[in-house]
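No value in this document is a laboratory result; all are computed from the given coordinates. Keep in mind the model is a prediction, meaning the values are calculated, not measured. Heads up, the Cβs are rebuilt from the backbone with ideal geometry, glycines too, and the neighbour counts pull from every protein chain shown.
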Amino acid sequence: MKKILQILLFTPYALVVLGFFHFDSYAAITPRFFISEEVNFGVILFRNGNCTMDKTGQITDANPSIMCGNANSGASGTYRAGEFTIIANPNKQVEIKINQLDDQGDGIIYIPGGELISDFETVIIKPNVKQSINSGSSGTIEIKVAGQLFIANELFTSTEYELTIEEGIEWNELP
C-alpha cells in the first residue's frame with residue numbers, strides 16, 4: 001500500500017507542514033493505517049539553510065543560517081514530529097519504506113528520519129529503504145517521523161510552496 005507525502009512550505013508567519021496522506025484502493029481492509037499527527041516544522045525563514053527535527057519534535061538549525069523558527073531564531077512556531085500507526089495482524093512482519101523528497105528544481109530537500117516502534121522491537125528509519133518490523137503481540141506499529149529540511153535557494157516571502165511525494169510511505173504486511 002502506498003501513501004502520498006505532501007509537504008507545504010510557507011515563508012514568514014506561516015507553517016511548514018509535512019503530511020502523509022493515506023488512500024486505500026479498496027474498503028474495509030486489515031491491516032490499517034492511521035494518521036495521529038502531521039510533521040510540522042513551524043515557521044521557516046526564506047533564506048538558505050537546513051534544520052533537523054528529532055522524533056520528539058525538537059528542532060535544531062545548522063549552518064550556514066538559521067531558517068527554521070526555533071527559540072534561537074526569534075521566530076515562533078509549533079513543531080511536531082509526525083505520528084502514524086499501522087494496525088497489523090499480531091506477530092507479522094510489516095515492510096515499511098519512507099521516501100525522501102529530492103530537489104525538484106526549487107532547492108528544497110526533505111530527508112525523513114525517526115523510528116518504527118512495536119512492542120517487539122524498534123527500527124531506526126532509513127530513507128528510501130524498505131525495512132521490516134515485527135508487529136509484536138499487539139499488532140500495533142507506531143511510526144514517528146521527523147527528519148531534515150534543506151533549502152538551497154532563497155524562497156519568496158509570504159508564499160506557499162506545496163511539494164508532493166506520491167509514494168511518501170509505502171507499507172505492506174508480509175505473508
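What distance in nm separates the two pseudo spin-label positions at Lys130 and Glu170, each 7 Å out from Cα along the beta-carbon direction?
Label-label distance for Lys130 and Glu170, simple model: 0.7 nm.
Per residue of segment 122-136, what does 6.51 cos²θ - 1.76 cosθ + 1.60 with θ = phi - 60° give for ³J(HN,Hα)? Whole Hz please, x for Gly and Pro, Karplus curve as stated.
10, 10, 6, 5, 10, x, 6, 10, 5, 10, 9, 9, 7, 6, x
Amide H neighbours of Val39 under 5 Å, counting only residues 5+ apart in sequence or on other chains, H built in-plane at 1.01 Å?
Under 5 Å from the amide H of Val39 lie the amide H atoms of Leu18, Phe20, Gly82, each far enough along the sequence or on another chain.
Using a Förster radius of 25 Å, what is the FRET efficiency between Glu115 and Asn48 based on their Cβ-Cβ separation? Nearest 0.05, please.
0.30
Could you give each residue of segment 51-57 its phi-based ³J(HN,Hα) in whole Hz, using Karplus coefficients 6.51, -1.76, 1.60 with θ = phi - 60°, and x for Gly or Pro?
8, 10, 10, 8, 5, 8, x
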